[in-house]
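Only the coordinates and a few stated rules stand behind these numbers; no lab work does. Keep in mind that this is a model prediction, so the values were computed, not measured. Heads up, the Cβs are rebuilt from the backbone with ideal geometry, glycines too, and the neighbour counts pull from every protein chain shown.
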Amino acid sequence: MSILVAEAKKQIVDLIINAANSAMEKGIIEKAELTDFSVSAPADRAHGDYAANAAMVWARLFHKAPRQIAEILAAEFVFDGTYVEKCEIAGPGFINFFLSDAYYADILLDADKKGDSYGKSDYGKGERVLVEFVSANPTGPMHIGNARGGALGDCLAAVMEAAGYYTEREFYINDAGNQINKFALSLDLRYQQLYKDGVEMPEDSYHGEDIVNHAKAFAEIHGDSYIAKTEEERRQALVEFALPKNIQGLKDDLAKYRIHYDTWFKESSLHESGETMRIIGLLKESGHTYETDGALWFKATDFGCDKDFVLVRANGVPTYVVPDIAYHYNKLVVRKFDKAIDILGADHHGYVPRLKAALTALGVDSAKLDAVLMQMVRLVRDGEVIKASKRSGKAITLVTLLDEVPIDAARFFFNLREPNSHFDFDLDLAVSESNSNPVYYVQYAYARICSIIRNLAAEGIERRICTPEELKLLSTPEERELILHIAALTDEIIMSAKTYDPARITHYVLDLATKFHKFYAACRVKGIDEPLMQARLTLCAVTASVIKNVLTLMKISAPEKM
């Protein structure tokens, strides 16, 4: 939480503990070892800025009714030197604390002074975190699920950084295994179709237009020279031609989406370095494998999984999970990340326990691996769900989405819901220039503040640094509500990082825009006494700065004019 919020809460805790100790010393209540209690913001700020439940928690400790304990504590409070102005006892014994004008003034002074660093903290203490997201197969274009995963993973990495973690972004390139074999098959058949009749595409091959285009481009260079070569030679040549183009396409598309990775990690590097086979050997040494019908199995049930799984097939070929185990071992052991966070589709719910079981067998703390399971996205237009078939090659891709929807809207919309919730992406709303469009609504609030400041400057009224006394003039409910929301930014960023839910900051900035509009509707900025005008102008400027800070975290623009 922000320093000032933390300080205010600490002062309240100290007030209560000091009051209890004082009452015990005076013999008003019997001596006892004090237990923990909570200090939190009430749902209705009319009941105070913070409420404490100490009297409720200590009822059994002091053998008195909670309200009686609250009255005893309140009589011992000394508010001098604190942000607390007064307290009230409510209900069965809650103690509500009301903070002074100085608290609100100091929040604005702090936010104004910190500027674009406001909201950041050292909560994570530099813990090394690797966020892996999208990691789409390089056998075709990225789909809508990748678009959601991209916005989610990139924003999560950003809030982790802002919360004081050392964070890297990584894309895992699946350039080995069955999907590459299928890619090779599909390319081969499309290439052969250019020169032969009767070549059919199997149902489970890739039918996308991109496969056709790769085959034609290959043929433009090599003609039919590969028709006479062996299947193995032909397929290898086609993959070596097409795969780098696909990978570069992924990089280009993600860059357009404002996503840049620290590392593009190739699965093939694990095979080439021998890491995949080394992991098999280590798992054998762990004593948690066995052979059945020539296949090597891992005893995942030893670690709470519902069933064991195959590591190496009877033909000697490792299953897809082995390089995945090697990859996560590489993250946590070889590269020594303290935490590996994977953004995965919801269909991976059974996959994660398997990985954790294998890591545990390898002596790795499986708690270092966390997975964010992301639900499906449906595209909606005119109230109807858009249906598309990936197999027919008519899937809506990330690129086609960004051709239709502004990048700001795409990134904002995909972070409107918790990752584990289903999401309907309203294409009509995303392009709408109205307050019903959430990203437009937030950007408009920022542009509106810029316009206020710009128009006043045109009239010769420049914002100046306010004194604490001037900022204490901000006392209306709308002003106080806006200031308290500004104070909550650091906490929201930390909670977003802790819960792996960047949608929290999306809702935070939406609420901030709403609270600003309420303030501006209720409080004049121009044509009032100069000290109050400057105080309100400071509140406007700080609000704009905080909006921009959040949008910057989300890699969304903050236009000064709309």
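Considering only the chain, what is the antiparallel percent among its DSSP beta bridges, to the nearest 5?
DSSP beta bridges in the chain are roughly 50 percent antiparallel.
For segment 316-418, the alpha carbon convex hull comes to 170 Å³ per residue, rounded to a whole number. Lysine pair count for segment 334-441 (Cα-Cα distance under 16 Å; residues 8 or more apart in sequence or on different chains): 4.
Computed on segment 254-309, the Cα convex hull volume stands at 167 Å³ per residue.
For Arg128 and Glu240 in one chain, what is 0.36 nm times their gap in residues minus the Cα-Cα distance, to one decimal in nm?
Taking Arg128 through Glu240 to full extension adds about 36.8 nm, to one decimal.
Using alpha carbons only, the radius of gyration of segment 286-342 set against its Kirkwood radius gives Rg/Rh = 1.04.
Gap in Å between the Cα centre of segment 495-522 and the Cα centre of segment 84-130? About 16 Å separates the Cα centre of segment 84-130 from the one of segment 495-522. Here's how it looks for Leu369: its modeled amide H is under 5 Å from those of Ala340, which are all 5 or more places away or on a different chain. In summary, the lysines within cross-link reach of Lys515, defined as a Cα separation below 28 angstrom excluding same-chain residues under 8 places away, comprise Lys9, Lys10, Lys86, Lys113, Lys114, Lys120, Lys472, Lys498, Lys526, Lys548, Lys555, Lys561. Between 0 and 90 degrees, the angle of helix 530-553 with respect to the longest Cα principal axis of the chain falls at about 20 degrees.
Using the average count of surrounding beta-carbon atoms within 10 Å as a protection proxy, the listed peptides 410-417, 200-207, 465-472 rank, highest first, as 410-417, 465-472, 200-207. By how many degrees, 0 to 90 and rounded to 10, does the Cα axis of helix 438-458 deviate from the longest principal axis of the chain? Tilt relative to the chain: about 50 degrees.
What the Cα atoms of segment 187-326 give is an Rg and a Dmax of 20.1, 56 Å. Cα centroids of segment 181-222 and segment 538-555: 51 Å apart.
Think of it as helices only: each DSSP H run of n ≥ 4 in the chain is worth -39500 (n - 2.57), and spread over all residues that comes to -15500 deg cm²/dmol at 222 nm. Positive end of the dipole of the chain (Cβ unit charges, origin at the Cα centre): among Asn455, Ala367, His507, the Cα lying farthest that way belongs to Asn455. A simple count of charges around Gly150, restricted to other residues whose Cβ falls under 11 Å of its Cβ and scoring Lys, Arg +1 and Asp, Glu -1, yields +4. Put simply, segment 35-151 fits an ellipsoid with semi-axes of 45, 22, 14 Å; these come from the alpha carbon gyration tensor as the roots of five times its eigenvalues, largest first.
State the percent of C-alpha pairs, over all pairs in segment 247-390, separated by a distance greater than 20 angstrom.
58
Computing Rg and the Kirkwood Rh from the Cα coordinates of segment 423-562 gives a ratio, Rg/Rh, of 0.99.
In units of the compact-protein estimate 2.2 N^0.38 Å, the chain shows a Cα radius of gyration of 1.22. Put a plus charge on the Cβ of each Lys and Arg, a minus charge on the Cβ of each Asp and Glu, and nothing anywhere else: the dipole of segment 464-534 about its Cα centre is then about 140 debye.
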